[in-house]
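Read through the structure below, which is laid out as structure tokens, and then see the notes.
The values are calculated or read from the model by the stated rules, or taken from the named source; none is laboratory data. Values in this document were obtained by computation on a predicted structure and should not be read as measured data. So basically every Cβ, Gly included, is an ideal-geometry build from the backbone, and we count neighbours across all protein chains shown.
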């Protein structure tokens with residue numbers, strides 16, 4: 001489960017990033033802004049619908065982002081409205097891409 005902005009992949013391309021843009025294999029992206037309204041979590045029923053739409057109920061979820069702090073926003077929303085997955089990958093797309101040798105060839 002990634003919490004990156006939906007347009008981040010395009011942003012990464014335009015910043016001259018040394019890593020390929022993309023996503024962690026088998027991941028689903030729910031930007032953290034989608035779980036909040038006016039700086040507070042959306043109601044439980046709305047969060048439940050969001051996670052049901054995006055997630056396969058029988059899989060354990062792991063939350064990632066650019067940092068563990070931001071991943072926790074989406075993880076807590078999941079806890080409130082969907083289930084009890086409390087796994088955070090506090091690395092980031094950068095760490096995952098580096099470990100998987102996804103560097104751009106310049």
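Can you spot a residue in the stretch 13-31 that is under 16 Å from the mean Cα position of the chain (by Cα), at pLDDT 80 or above and outside any loop (DSSP other than H, G, I, E, B)? So far as the stretch 13-31 goes, yes, one or more of its residues are under 16 Å from the mean Cα position of the chain (by Cα), at pLDDT 80 or above and outside any loop (DSSP other than H, G, I, E, B).
Here is the figure for the stretch 64-84: residues that are more than 24 Å from residue 22 (Cα to Cα) and in a loop (DSSP other than H, G, I, E, B) total 3. Against the test of being in contact (Cβ under 8 Å) with a residue 12 or more places away in the chain and touching a helix residue (DSSP H, G or I) at 6+ places or on another chain (Cβ under 9 Å), the options 68, 83 yield a single qualifying residue, 83. When residue 95 is tested against the conditions (1) surrounded by 15 or more Cβ atoms within 10 Å (Cβ to Cβ); (2) free of Cβ contacts under 8 Å to residues at least 40 places away in the same chain; (3) under 18 Å from residue 26 (Cα atoms), the lone failure is (1). Looking only at the stretch 43-63, decide whether some residue is closer than 30 Å to residue 18 by Cβ, in a helix (DSSP H, G or I) and without any contact (Cβ under 8 Å) to a residue 12 or more places away in the chain. Within the stretch 43-63 (the criterion being closer than 30 Å to residue 18 by Cβ, in a helix (DSSP H, G or I) and without any contact (Cβ under 8 Å) to a residue 12 or more places away in the chain), the answer is no, since none of the residues qualifies.
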